[in-house]
Amino acid sequence: MKYDAIIIGAGHNGLVCAAYLAKSGKKVCVVERRSVLGGSAVTEEIFPGCKVSRAAYVNSLFRPEIIQDLKLKQYGLEFLSRRPASFSPFPNHQYLILGNGLDEDQREIAKFSAKDADRYPKYETMLNSIVQYVEPLWKKPPPSPTSKKLSDLWELASLGMKTRRSGNELIQKMVEMFTLSAGDLLDRWFESDELKATLATDGVIGAMAGPYTPGTAYVLLHHVFGETNGMRGVWAYVRGGMGALSDSIASACRDLGVEILLESGVDKISINKRATGIILSDSRELSAKCVISSADPHVTFLRLLDESVLPSDFRDKIDQMDFKSATAKMNLHLSELPDFTALPGKNAEIQHHGTIHLSPTMDFVEQAYDDAKYGRPSSHPMIEATIPSTVDDTLAPKGEHVMGIFCQYAPYNLKEGNWDSEKTIFANRIIDDFTEYAPNFRNSIIDYELLTPPDIEKIFGLTGGNIFHGAMTPHQLFFMRPALGWADHRTPIKGLYLCGSGSHPGGGVTGAPGRNAAEMVLRDIR
Ligand SMILES: Cc1cc2nc3c(=O)[nH]c(=O)nc-3n(C[C@H](O)[C@H](O)[C@H](O)COP(=O)(O)OP(=O)(O)OC[C@H]3O[C@@H](n4cnc5c(N)ncnc54)[C@H](O)[C@@H]3O)c2cc1C
């Protein structure tokens, strides 16, 4: 047999998994359907002379231990911190800037509410204390409450003891975090709509949910797990775009002897009592001791396997997974920077460096979701924009810029019409709404592409266009991801593993599922 392991998909998790296996002396081959590697963490030249983070656009979640283990900085990985982190202009021309240090943040918040400014440090402390409890759980598969194995029972008991020791207040806060909506959580802390609307966007990113949908508080928490260069909760651009992160892992992989085959889509996983290899769409067959899939659970189990090989209850669980999405991504090439009425200026200034939030109130975001709930693209979508070329001069020709707009809500299924007819209308709506805040915006656009959920599904292979390989609300997390009893990267088929975001601890550019899966595989194969 030529390979110890074949990995389906050269997204960042597939590559991380490959690198760890190869580091342990395994012979590994990664097969990717696209002509570029990185999956959703990719840089593409979609506009001539521009490097575009076509899907994911900011990093904080990628595990620092992986950077160290794989020496990724030696392979060119560089994070560019953003200071400040965010700029939220409002229709009355006021604005809120966050991420400039606690004192400065409090001064900014006090423009809207002195009480909120006072509470903000306590809110941050509360988030940090939960992160400190939960983060170690990202580093290994969760124990299964259905397992009778001594090791699982021991892990469950340890978790129970750890929870008990963490004290009443933290337990209360954690229960709130895992059950409340982001909106209800923020209402308990703050009164200013401007602050809450800025913070709430993290709770709905990638979710087909509004800020008052239960479970979105955890989505908010998920976005504060990370760090940049040792600074907790700080988000950064990757020099060269998000693909540079994937490229650095791929370089480490190649040095460790991993073969990476691009334009090699898998049609079927071969099963002979156990997973024995893959059949590519051009009919080539490759065999290995095990197959590890970084494609999402729907693709892996319902498309790449024959129906008869999986237990029907497991198939049903995967079939019932929530892959709903209402995320659209617009990528733009600009001739000049947006000149905001609230804070004018066309040179790269503080209003351009971080994330630009155009979602002025909680009601605005909730109403944007209401449209999607009934199958309509939002009449005024929630907009989160970034202009990485303001801090990275490798991305666009001098004087020009690349911009990404992460936008919700654009439901996958439309009640009336279809995305072929609605796409240009929706794109114009985004551009018009942005131009309300920065009057030069429309005329500064040299070119753009809008990716709707069906486009995201087609290009990146993400079922339903769901950016996280399945919703990140609590019913699909921890020992429930992807299905109860199967959260340790193993599957009902011997020799077949899952290593992508559809497994614990879920989506985002973390590398954690890839690393944890490699550990599990190494326990099983000799
Ligand atoms: C628009 C968008 C914006 C996002 N923004 C951010 C962000 O700013 N920050 C962040 O942390 N996260 C962000 N995310 C989420 C994050 O990018 C993903 O959760 C993460 O990159 C998924 O990584 P993965 O390796 O698990 O899977 P993927 O990146 O999905 O990789 C899976 C790979 O498998 C390949 N594949 C699938 N089927 C087959 C097959 N049959 N044969 C061969 N190959 C196959 C795919 O082509 C893909 O390359 C965003 C995602 C999207 C789509």
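Which percentage, to the nearest 5, of the DSSP beta bridges contained in the chain is antiparallel? Spell out each step's value before the answer.
Values: 44 of 62 bridges.
Antiparallel bridges make up about 70 percent of those DSSP assigns within the chain.
Where does the charge balance sit around residue 283 when Lys and Arg score +1, Asp and Glu -1, over other residues with C-beta under 12 Å from its C-beta?
Working: positive: 268, 284; negative: 267, 282, 285.
With Lys, Arg at +1 and Asp, Glu at -1, the neighbours total -1.
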Worksheet entry | Rg/Rh ratio calculated on Cα atoms of region 253-339 (Kirkwood radius) | 1.15
Worksheet item: Local charge sum around residue 263 (other residues, Cβ-Cβ under 13 Å, Lys/Arg +1, Asp/Glu -1)?
Response: +1
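Per residue, what volume in Å³ does the Cα convex hull of region 145-273 take up? It would help to have the intermediate numbers written out before the result.
On the way: hull volume 33.4 nm³, N = 129.
With only Cα atoms used, region 145-273 gives 259 Å³ per residue.
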Worksheet item: Relative to the first principal axis of the alpha-carbon coordinates of the chain, what is the inclination of helix 243-255, with its axis defined by its Cα atoms, in degrees from 0 to 90 and to the nearest 10?
Response: 30 degrees
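Looking at the square roots a ≥ b ≥ c of the eigenvalues of the Cα gyration tensor of region 1-79, which shape do they give, rounded for a/c under 1.5, prolate if a/b is larger than b/c, or oblate?
On the way: a/c = 2.49, a/b = 1.38, b/c = 1.80.
Oblate shape, in that a/c is at least 1.5 and b/c is the bigger or equal ratio.
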Worksheet item: Which GluC sites (Glu not before Pro) in region 398-459 pass both tests, a DSSP loop state and at most 11 other beta-carbon atoms within 10 Å?
Response: 416
Worksheet item: Once the Cα atoms of helix 150-165 and of the chain are each reduced to a long axis, what angle between those two axes, in degrees from 0 to 90 to the nearest 10, is obtained?
Response: 30 degrees
Worksheet item: Using +1 on the beta carbon of Lys and Arg, -1 on that of Asp and Glu, and nothing else charged, what's the dipole of region 125-236 about the Cα centre, debye to 20?
Response: 700 debye
Worksheet item: Suppose every K and R has +1 on its Cβ and every D and E has -1 on its Cβ; what is the size of the dipole of region 228-340 about the Cα centre, in Debye to the nearest 20?
Response: 380 debye
Practice prompt. State the answer as a single residue: which of 183, 215, 197 lies farthest towards the positive end of the charge dipole of region 125-236, with beta carbon charges of +1 for Lys and Arg and -1 for Asp and Glu, about the Cα centre.
Written response: 215
Worksheet entry | Residues 7, 467, 67, sorted so that the one with the fewest Cβ neighbours within 10 Å comes first | 67, 467, 7
Practice prompt. For the chain, calculate the relative contact order in percent as a whole number, restricting contacts to Cα pairs under 8 Å that are 6 or more residues apart.
Written response: 24 percent
Worksheet item: Once the dipole of the chain is set up with Lys and Arg at +1 and Asp and Glu at -1 on Cβ about the Cα centre, which of 13, 47, 426 lies farthest towards its positive end?
Response: 13
Discussion item. Could you tell me how far the Cα centroid of region 227-304 sits from the Cα centroid of region 312-330, in Å?
Written reply: 20 Å
Practice prompt. Report, in degrees rounded to the nearest 10, the 0 to 90 angle that the Cα long axis of helix 114-134 makes with the longest principal axis of the chain.
Written response: 10 degrees
Item to complete: Determine which residues of region 351-389 fall in the zone a paramagnetic label at residue 425 would reach in this model, i.e. backbone nitrogen under 20 Å from the point 7 Å along Cα→Cβ.
Response: 367-383
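List the trypsin sites (Lys or Arg not before Pro) in region 25-112 that DSSP assigns to loop (not H, G, I, E or B) and whose Cβ has at most 14 other Cβ atoms within 10 Å. Which are they?
Details: sites: 26, 27, 33, 34, 51, 54, 71, 73, 82, 107, 111; in loops: 26, 27, 33, 34, 51, 54, 71, 82, 111.
Sparse-neighbourhood loop trypsin sites (Lys or Arg not before Pro): 71.
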Practice prompt. Kindly provide the Kirkwood hydrodynamic radius of the chain in Å, to one decimal, from all pairs of distinct alpha carbon atoms.
Written response: 23.5 Å
Discussion item. At a 10 angstrom cut-off on C-beta neighbours, averaged per residue, how do the peptides 139-145, 242-248 rank from highest to lowest?
Written reply: 242-248, 139-145
Discussion item. If you average the C-alpha positions of region 497-526 and of region 111-137 separately, how far apart do those two centres end up, in angstrom?
Written reply: 30 Å
Discussion item. Students often forget the sequence filter, so: which lysines lie under 23 Å Cα-Cα from residue 51 once same-chain residues fewer than 8 apart are removed?
Written reply: 73, 329, 346, 398, 458
Fill in: Anisotropy class of region 42-142 from Cα gyration tensor, a/c 1.5 cut
oblate
Worksheet item: Are there cysteines in the chain with no other Cys C-beta under 4.7 Å, and if so, which?
Response: 29, 50, 253, 290, 407
Worksheet item: What share of Cα pairs, in percent, lie more than 13 angstrom apart in region 99-156?
Response: 70 percent
Fill in: In region 125-236, lysine pairs with alpha-carbon atoms under 27 angstrom apart (chain gap of 8 or more, or interchain)
12
Worksheet item: Distance from the Cα centre of region 333-378 to that of region 156-186, in angstrom?
Response: 33 Å
Discussion item. Counting other C-beta atoms within 10 Å, and keeping those with at most 10, which DSSP coil trypsin sites (Lys or Arg not before Pro) do you find in region 273-376?
Written reply: 273
Discussion item. At a 10 angstrom cut-off on C-beta neighbours, averaged per residue, how do the peptides 290-296, 256-262, 503-509, 380-386 rank from highest to lowest?
Written reply: 290-296, 503-509, 380-386, 256-262
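Every number here is computed from the coordinates shown, using simple stated rules; none is lab data. Since the model is a prediction, treat every value here as computed from it, not as a measurement. No Cβ is skipped: glycine too gets one built from the backbone with ideal geometry, and neighbour counts run over all protein chains shown.
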